[in-house]
Each structure stands twice: as structure tokens, then as C-alpha cells.
1. Please work out the ratio of the alpha-carbon Rg of the chain to 2.2 N^0.38 Å and round it to two decimals.
2. Straight-line reach from Lys6: which aspartates and glutamates have a Cα under 12 Å away, not including same-chain ones fewer than 8 places off?
3. Counting other Cβ atoms within 10 Å of each Cβ, which trypsin sites (Lys or Arg not before Pro) in the stretch 1-55 have at most 10 and sit in a DSSP loop?
4. Report the gain in length on full extension from Asp132 to Ser244: 0.36 nm times residue separation, minus Cα-Cα distance, nm rounded to one decimal.
5. Top mean-square fluctuation among Arg240, Arg68, Arg182, Gaussian network model of the chain, C-alpha springs under 10 Å?
6. Could you check how much of the accessible area of the chain is carbon and sulfur, as a whole percent, using a 1.4 Å probe?
7. Quick one: which of 60-67, 164-171 comes out on top by average Cβ neighbours within 10 Å, and what's the full order, highest first?
8. Spelling out what I want: for every residue of the stretch 30-43, take phi, set θ = phi - 60°, compute 6.51 cos²θ - 1.76 cosθ + 1.60 (Karplus), and round to whole Hz; glycine and proline get x.
Amino acid sequence: MGKFDKIFIVVPTFNEAENIPQLTAALISLPLEGVRLLIVDDNSPDGTGDIAESQSRKYPGRVHVIHRTAKKGFGSACIEGFEEAIKLGADALVQMDADFSHPPDKILELVDNLKDFDIALGSRYIPGGQLDAQWPLWRKGLSAFGNLYAKSILGLAVKDATGGFRAWRKETMLGMPLSRIRSNGYAFQVEMIFVAQRLGYSVTEVPFYFADRHWGDSKMSFAIQLEAAVRVWQMLLEYRDLRSVKNSKHKSLII
């Protein structure tokens, strides 16, 4: 892991005031030299942006904050965070949620896998991975169906196409046509991995336990689900022109 001098963890937020202090402490304390946190806040009315700013003063140079003027959406927040992290010198980028559904200690394994792969996905659907044990069956079924729906239509090779716990090499992110990514809900996760597969980037999956959020409310809505259902079909047409990149330094096979 020493080859990555600056590892930026990008965390989009909207109304995550209860989670930010604990998450920041957990991430900054990781045994990863050069780890930094970049919070992208969508003008949260609960004061998340102010709390994030206080964390940047507490950990100068290690916590960065982007304050957006409105709720512009999850996907655009991730893209803005990725682009800013690269400007700040990131060698590797990690994407995760603020609600502790993604375990901070698993970041070590994700980043370590970037030695051999272009992208490392936290996966709920491979051996060793699991959804929250307290989730009702209907919620687990909905999650599994959404994942299977996207995978089947787009021919995705990964087991977990809809998860948002991921690590990317800087060179991989620079090769992604971010200006073309249009999804804003969790379809964003599907679109990013579909484009990566079309470009031939190598992907590995790391199992993790997906815990329900500790505090705050879920951002899932009917509109987000509808966007995902429609967008997967649009992606098939929009990215027909993409071909495997020739200059990837790693394996161009998704496993």
C-alpha cells in the first residue's frame, strides 16, 4: 500500500450531521499513511457542512470540504469529489457513504487490491459478504432484485453492481469519461461500473458486511428507483462507442 502516497476518501453528504465526527475520527485513525477525507456536502439543512468544516479545522490538511449551494444529487457530488481529489494530488480514491454502512476498516483491503487491479469493489454478494441481518426479507429481496436487474440487462460481470463502497486507481478515474455520466441516484454506481467494464478496466470484489445506518434517514426514494430502472436501458445505447482501453497497466479482464 505504500505506493499510494495520497489516498482520498470521497464522502457525499446530505443531512449526515450525527455521523460526520465519528466517521472522520475513524477514517483519520486508519493505519494508512497519506489518507485524507474529502466531504462533498449538498447544502444540508441539518448543519452537516458546518460540522464538516469544524473537522477540517481539527485535522488541517487531512480533511477537505466542498460546500455545494443546493441538493444537486449523489452522482454529481461523487464526480465533483473525484475531480477535486485528483486536483489535490490523489493517487487512489475511495468512495463510501457517511452512515457507517461501509466499514472503515475494510478500506485497507480495498486499497491493497489496487496493487493488482484498477478498481476494487466492496461486495455484499460474494462469499463472506452480507446484507444487514436485521433487514426484513422484502428489503433484502428489493436490493438483490435491483442488482440482478442491472447485471442482467447490461451484462455486468461483477456480483455487486449497485454498491457504493469502491476504490479506484487515479489513472483509472482519469480514464473514465466523467462528463458523460448522467445518473444521479444509485444508478450512478451501475453506470460507473458499466463504463469501466466497457473500457476494459480490471475489477476485483472484496466481501463486506453491509450494516444499516447508525443515525439519520435513508436517502432511497421512488424517484431514485425509477431512475435506475430506466437508466440501465439508456446506458446500452449511450455507450455503444466505448472500446477497451489499450494502455491499462493492469489486467483488462473483469473477474
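1. On the way: Rg = 17.1 Å, N = 255, 2.2 N^0.38 = 18.1 Å.
That ratio works out to 0.94.
2. Correct list for Lys6: Glu33, Asp91.
3. On the way: sites: Lys3, Lys6, Arg36; in loops: Lys3, Lys6.
The qualifying sites are Lys3.
4. Values: separation 112, 0.36 × 112 = 40.32 nm, distance 3.60 nm.
Extra length from Asp132 to Ser244 when fully extended: 36.7 nm.
5. Highest fluctuation of the listed residues: Arg240.
6. Numbers: 6320 of 11340 Å².
Carbon and sulfur together cover 56 percent of it.
7. Numbers: 60-67: 15.8, 164-171: 23.2.
Put in order of decreasing packing, that is 164-171, 60-67.
8. Values, residue by residue: 4, x, 10, 5, x, 6, 9, 10, 10, 9, 10, 9, 8, 6 Hz.
The values are calculated or read from the model by the stated rules, or taken from the named source; none is laboratory data. From a predicted model like this one, the values you see are computed outputs, not experimental measurements. Note that we place each Cβ from the backbone using ideal geometry, even for glycine, and neighbour counts take in every protein chain shown. The protein model used for the area step is the full one, side chains on, heavy atoms only, and it has no ligands, DNA or RNA in it. Shrake-Rupley method; radii C 1.70, N 1.55, O 1.52, S 1.80 Å.
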